[in-house]
Structure formats: structure tokens, C-alpha cells
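This report refers to the structure that appears directly beneath it.
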Amino acid sequence: MNRALGQNWILLRGLARESAHWGAFIPLLQSTFPEAQITLLDLPGTGCFHQETSPDSIKAITDRVRRHAFDKGFMQQPVTILGLSLGAMVAWEWMRNYPKDISGATLINTSFADLSPFYQRLRWQSYRDFAALTMTRDRHNRESRILHLVSNRRDQDEQITQDWEKIQSERPISLKNSFRQIIAAANYRPGNIKPEQPVLLLNGRGDRLVAPVCSKAIHKKWNLELRRHLWGGHDLTLDDGAWVALQLKDWVLNRGESYHQLSSTIAKVSGGRMLSGKTEIELDINAESIRLIANAVIFYNATLLSTLYQHYQAPLSLTGACYGEKREAPGGTDRSDT
């Protein structure tokens, strides 16, 4: 298992969004990885850099973000990147050009120009809505339109719209920078080199902005793990942040070779006849079932080992360790907060 994976997170948002748009997902992620360092970085032209001009290429954006991360001391150890959409393209470019910086990355609802056509990378069904955004002057209405485009949840619309309106009023993202980011994303072609680091793809089947087949194209090209949410939209951390956090935790914990051997064995049960499928939904159920069974086996084995450990530890604690001192239970060391 990659020991650095999941210990030092850097989060990158997507098109015309900034760090504050992660919202309630951040405390959720921190509770999932309580000992990890979590850093939110704004892309050029957004957030604390909203007065700057955004580069119009993913490489230039990546170099700017990387330089800022080093200047602020966020690169003391290899980082795990969580990137959404445009942020995921930056994560891929970062891994490609500076592999020693990165221990792994999770890419959410992203796409590459050399794998997917433009009408899938920005779904043609959203063209009218996208054009309407550029013509909407009222800030509240514009943020509401964006929310309806990227999220499939409607139970928190008014509160989220107010939050996003406040963000835009304090650190407005200019139309110029938005278009320069679009140009950068539209022209991004990463080539054929597969990153050395572990990569997890997350995708929402309900994404109305970027077609889900774009994530599938990346999955097929490099044989990367792809996990799909049944109804989530483009902003998957907003629609179901708990699901995203659960996938990240499972991915970080189960990077070991033994886990993949176990999963492979489970997949071959009964010659693969019982755990197989023909449609995408059946294949998704198949993959989730394998993961569930594998985790159940691990939990069962861990429970047995824990019981045995506690059974044999008790006499040792009575007889003492070296020099007649009582042995301190494992886990007694201090934890330094990050």
C-alpha cells in the first residue's frame, strides 16, 4: 500500500469555481481522514486569485498551481489530489509532468479532448443553458441556473444559491477568465502516457454537463478503476458528498496487492458466471458486489485477529514486559495534529 496516499490532500475545483464551493464536503472529508492534511487550492483567476488573468492552457494552469503549493509549504510530502472536472485535468497534468509530487489522484466527472468529442465533453443538451448563463446579469439568478445545471438535488437549492451568490459577490470570477478556462479545457490532450500513481475515477450517471461516457473513455484507455454514482450530477461532492468520501476511504485503504488478489479471486467464483453482467448497470452491480464481499472478508478476518490478539495480550499485561514494567497497549503514542 502507498503509505503517503490519503495523508496530504490537495483539492482542485472546476470551471469558474473556487475553493469555497466545496462547501460542506470539507468537514465531511476531514472526518473521514481525521489525521490528514487537507488543503484547498484556487486555480488562477478564481478565489483569492480572482483578480489575476487565468492562463489558457492546462499546462500553464498546472505550473501556476504547483508553484503556489510549493511557495506555501504544502508539498512537504507527496500529495493526493482530488480534482473535479477542470481541476481533474490539472491533477492529471501534474501527475504526468511531476510524478514525484503526487502519491495518487481521484478524478471526478472529467474528460480529455483526445478521447471524447466536444459534444460529449460539454453535452449538447446543455448548450442553451450554458449560453443563457453568459447573458444573465442578476447574480442570484445566474448562480441558481448554475446550481440546476451541475446538481440533481433540489432540497437545498435556496441555501446553496445564497452561499454561491455571496462567494461571487466577494470574489467574482470574470467572464474573461471563465472563457480562458474553457479554452484550456477544450484543448487539453494529455497523450498516451499512463501516470505511475494510482488513479480513481468517480462519475455521476446524472451529469448533465459532461457526458458520463467521457469518464468511461478514460477508464478504457488506461484500465483505471471507475466507480459510478447512480443519480449524482456534475458536482458530485455536492449531490452526495458522503458517497464520495466513502469511495475515497475505501480506495486509500485497499490499494494493497493482496486486496486486488482477493478481488480477482472473488470475481472468478463459479467461473465468473455468478458475478457477471452484460449491461452497464449489471457490470456496476458486479463491481460493487465484488468490493462488498472483499471488504466483508477483510472485516471478518480482522475481527478474528483482533479477538486472538486481545486473548493472548491479557496474560502478557499481567506478567509485564521487560524489566518488570507493565506493557503499554499499542496505539498509546501521541498523535500530532496536522
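Summary of values
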| item | result |
| --- | --- |
| Top-ranked residue in segment 172-223 [being of a type in the set (A, V, I, L, M) and either within 17 Å of the chain's Cα centre (by Cα) or under 16 Å from MET95 (Cβ atoms) (or both); ranked as modelled with the lowest pLDDT] | ILE193 |
| Breaking point among (1) under 20 Å from PHE112 (Cα atoms); (2) of a type in the set (Gly, Ala, Ser); (3) at pLDDT below 95, for GLY14 | (3) |
| Selected residue (only one of GLY47, GLY73 is over 21 Å from ARG255 (Cα atoms), free of Cβ contacts under 8 Å to residues at least 12 places away in the same chain and not hydroxyl-bearing (Ser, Thr, Tyr)) | GLY73 |
| Some residue of segment 155-165 being under 29 Å from LEU115 (Cα atoms) and without any contact (Cβ under 8 Å) to a residue 24 or more places away in the chain | no |
| Selection from segment 108-126 of residues that are over 17 Å from ARG205 (Cα atoms) and of a type in the set (A, V, I, L, M, F, W, C) | PHE112, ALA113, LEU115, PHE118 |
| Scan of segment 113-154 for residues that are acidic (Asp, Glu) and in contact with a helix residue (DSSP H, G or I) (Cβ under 7 Å, 6 or more places away or on another chain), ordered by number | ASP129, GLU143 |
| Boolean, GLN77 is surrounded by fewer than 17 Cβ atoms within 10 Å (Cβ to Cβ) and within 20 Å of the chain's Cα centre (by Cα) | yes |
| Identity of the residue in segment 180-223, loosely packed, with under 15 Cβ neighbours inside 10 Å and among the polar types (S, T, N, Q), that ends up nearest to TYR98 (Cα to Cα) | ASN192 |
| Matching helices (runs of 4 or more DSSP H) fully within segment 127-198 where at least 3 residues are not assigned by TED's automatic domain parsing to the domain that holds LEU12 | 127-135, 139-150, 157-170 |
| Hey, LEU226 touching a His at 6+ places or on another chain (Cβ under 9 Å) and crowded, with 22+ Cβ neighbours inside 10 Å or not | no |
| Search result, residues across segment 96-117 that are under 11 Å from LYS59 (Cα atoms) and in contact (Cβ under 8 Å) with a residue 40 or more places away in the chain | ARG96 |
| Hits in segment 127-171 (condition: over 25 Å from ARG205 (Cα atoms), modelled with pLDDT of 95 or more, surrounded by fewer than 14 Cβ atoms within 10 Å (Cβ to Cβ) and not hydroxyl-bearing (Ser, Thr, Tyr)) | GLN162, LYS166, GLU170 |
| Residue among ALA24, ALA4, ALA60 that alone is within 18 Å of PHE74 (Cα to Cα), out of contact with any Gly (no Cβ under 6 Å at 6 or more places or on another chain) and surrounded by fewer than 21 Cβ atoms within 10 Å (Cβ to Cβ) | ALA4 |
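The values are calculated or read from the model by the stated rules, or taken from the named source; none is laboratory data. Everything quoted here is computed from the prediction, not taken from an experiment. Positions of Cβ are backbone-derived with ideal geometry, glycine not excepted, and every protein chain shown enters the neighbour counts.
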